[in-house]
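Asker: Please read through the structure below; I'll follow up with questions.
Any read-out appearing in this document is the output of simple, stated calculations on the displayed coordinates, not a laboratory observation. Owing to the predicted nature of the structure, the values given are computational and were not obtained by experimental measurement. Here the Cβ positions follow ideal geometry from the backbone for every residue, glycine too, while neighbour counts run over all protein chains shown.
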Amino acid sequence: MKKIISLLLSLIMVFSLVACGGGSSVETDADGNVAMQYITIEDAKTKLEDDGYVFFDVRKAADSSVTSIPGAQAWDMDAAKEGDAEAGKATMTEATKGLKKNIIVVCYSGKRYAQATTNALAAIGYDMSKVFTLEGGFTAWSEQCADLVEVKSTIAIDTSIAFAGSSSLAPVIASIGEAFRTEFSTWNKVNPAFPAEEIDIPVASGGSGDGPKSVLDGTADFGMLARAVKDSEKESLGAGYTEYMVASDALTVSVNAKNPICNLMDDIDTDTLRKVFSGEIAYWDELDASLEHKEIVVVIRDLTGGAAEVFEKNVMQGTPISENAIQTPSMGALAAKIAENEYTIGYAGFGVYNQNLESLHAFKFNGVEPTVETILDGSYTLQRPVLFVINRELDAAEKAFVDYIFSDKGRAIVEENGYIPAF
């Protein structure tokens, strides 16, 4: 009897082992994607000369034909990434004919293209214990192993990218451009397929009206504006028109922080502001009788600036601004005028105001204080977009710089300049 029981226990153990070890199931997530196992760049580097490994460059053919990891096989998986699973399986079936090696999958960042490839390899029954995804993808490899990037052909680019227009956006783009140049210095460090020439990103400040004009006359690649783009400007720029919104800005009704009115009044309405800027209210004691009979010095942006148009639309509404108003060529110059004269009032941009908090004081406008929250929720109405435009498709270098503008590094610089990032 004991022998029979022992035999039965042995049979149960055998069946349990078969059930557990007879072909492990492929792990998937809630979306049905096969789990990827990553390999670091340092570990992958050691596999370049290892005959037991093969690199699959699964980016678009247009990209892998320009640059790649030395010795990598190129297999375009764009269709699979876009959802065509059958195309992905067909490509990987062809790629793995007779192949029993370990595969290192290389896409842009180690995400979507790599995931589509991993799914396809699992679907055709490849041994998934031999499939690895390069951590960070080709982007990280290019940054960390520039000497181990095979350049198959050079991408033709314009090595100088020019911006012109809004004086409000100009310092932001100039700061981002300087950070970009400091980080890369030459274009081939941005992309090994770019020429080894110095990066040049000139920025010219001439007002929002000059932005679209500069693009149209070919003196700039991008036109900067600190206001909405007019329909007539969009029409002139044509079918290739594209705009890139960088930040939200507002016009703060600002006075010198030493002006006694700061302790007497914290709000100004549209009608009162219109009377001040038109000259109908010309002295400070007309706003509060306890103030000195001192002339109100009005400072504005020159009439080609986006701020002047925003102020006209939201405040003046056809009422002429006083002939005695001082026009300034930039927001920085406007803020400086307010800071140097105790009896001055002007509409300083939110970014410039935030950089001059010690010398400027901003009123509430129609009862609403200019803050990040009130600008974003629209309750502070004296506001505007800050953006740039182009009238054609970006070349590879322009795309690289635009991507940098809208990266975390670009966002930090936008914030450092006192603006509210729109991305």
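Asker: For the range 39-49, just list the computed ³J(HN,Hα) in residue order, Karplus coefficients 6.51, -1.76 and 1.60, θ = phi - 60°, integers in Hz, with x standing in for Gly and Pro.
Answerer: The phi angles translate into 10, 6, 5, 4, 5, 5, 4, 6, 9, 4, 9 Hz.
Asker: A follow-up question, please. Normalised by the empirical 2.2 N^0.38 Å for globular proteins, what value does the Cα Rg of the range 27-151 take?
Answerer: 0.96
Asker: Mean separation of Cα pairs under 8 Å and 6+ residues apart, divided by the residue count of the chain: what relative contact order is that in percent?
Answerer: 16 percent
Asker: How do the peptides 208-214, 46-52 rank, highest first, by the average count of neighbouring beta carbon atoms within 10 Å per residue?
Answerer: Going by the mean number of other Cβ atoms within 10 Å, highest first, we get 208-214, 46-52.
Asker: Between their Cα atoms, which of K111/K409; K60/K399; K213/K337; K258/K364; K130/K189 are more than 23 Å away from each other?
Answerer: K213/K337; K130/K189
Asker: Of the cross-linked pairs K47/K97; K45/K89; K47/K152; K230/K313, which ones have a Cα-Cα span greater than 19 Å in the structure shown?
Answerer: Going by Cα-Cα distance, K47/K97; K45/K89; K47/K152 fall outside the 19 Å limit.
Asker: Looking at the range 249-384, what % of its DSSP beta bridges pair antiparallel, to the nearest 5?
Answerer: 60 percent
Asker: Also, I was wondering about something else. For E358 and T28, what is the calculated FRET efficiency with R₀ set at 51 Å and r taken between the beta-carbons, to the nearest 0.05?
Answerer: 0.30
Asker: D210: net charge of surrounding residues, Cβ under 15 Å, Lys/Arg +1, Asp/Glu -1, itself excluded?
Answerer: Combined, the nearby Lys, Arg, Asp and Glu give -1.
Asker: Less than 13 Å Cβ to Cβ from S109, Lys/Arg counted +1 and Asp/Glu -1: what total charge do the surrounding residues give?
Answerer: Combined, the nearby Lys, Arg, Asp and Glu give 0.
Asker: Sticking with this one: Compute the semi-axes of the equivalent ellipsoid of the range 290-348, taking the square root of 5 times each eigenvalue of the Cα gyration tensor, and list them largest first in whole Å.
Answerer: Ellipsoid semi-axes (Å, largest first): 20, 15, 9.
Asker: In addition: Which value, to two decimals, describes the C-alpha radius of gyration of the range 89-246 once divided by 2.2 N^0.38 Å?
Answerer: With N residues counted in the range 89-246, Rg over 2.2 N^0.38 Å equals 1.47.
Asker: Rounded to the nearest 5, what is the percent of antiparallel bridges among the DSSP beta bridges in the chain?
Answerer: Just about 50 percent of them are antiparallel.
Asker: Give the Cα extents of the range 249-384 along the principal axes, in whole Å, largest first.
Answerer: 37, 29, 26
Asker: Using the C-alpha atoms of the range 170-236, what convex hull volume per residue, in cubic angstrom, is computed?
Answerer: Enclosed volume per residue, from the Cα hull, is 106 Å³.
Asker: Still on this structure, please answer the following. Take the alpha-carbon positions of the chain, form their convex hull, and give its projected area averaged over all directions (one quarter of the hull surface) in nm².
Answerer: 31.4 nm²
Asker: List every residue whose amide H lies under 5 Å from the amide H of A250, counting only residues 5 or more places away in sequence or on a different chain, with H placed 1.01 Å from N in the peptide plane.
Answerer: Answer set, sorted by chain and number: F350, G351, R384.
Asker: Using just the Cα positions, wrap the range 202-304 in a convex hull and report its mean projected area in square nanometres, one decimal place.
Answerer: Value for the range 202-304: 9.2 nm².
Asker: Measuring from centroid to centroid over Cα atoms, what is the spacing of the range 335-374 and the range 193-239 in Å?
Answerer: Computed from Cα coordinates, the inter-centre distance equals 28 Å.
Asker: What percentages, rounded to whole numbers, describe P(r) for the range 129-185 computed over all alpha carbon pairs with 10 Å bin width beginning at zero?
Answerer: 16, 30, 29, 18, 6, 1
Asker: Among the complete DSSP H segments of the chain, which ones combine at least 27 Å of alpha-carbon extent along their axis with a mean Kyte-Doolittle hydropathy of 1.0 or more?
Answerer: 2-21
Asker: If we count every other residue with Cβ under 15 angstrom of A179's Cβ, Lys/Arg +1 and Asp/Glu -1, where does the sum land?
Answerer: Once all neighbours under 15 Å are counted, the net charge is -3.
Asker: Additional query: About its Cα centre, what dipole magnitude does the chain give when the only charges are +1 on Lys and Arg Cβ and -1 on Asp and Glu Cβ, stated in debye to the nearest 20?
Answerer: The dipole of the chain has a size of about 1840 debye.
Asker: Given the -39500 (n - 2.57) contribution per DSSP H run of 4+ residues, what per-residue ellipticity at 222 nm results for the chain, rounded to the nearest 500 deg cm²/dmol?
Answerer: When only DSSP H runs of four or more count, the value is -10000 deg cm²/dmol.
Asker: Let me ask something else about it. Hey, with R₀ at 45 Å, roughly what FRET efficiency would E415 and A61 work out to, going by the Cβ-Cβ distance, to 0.05?
Answerer: 0.70
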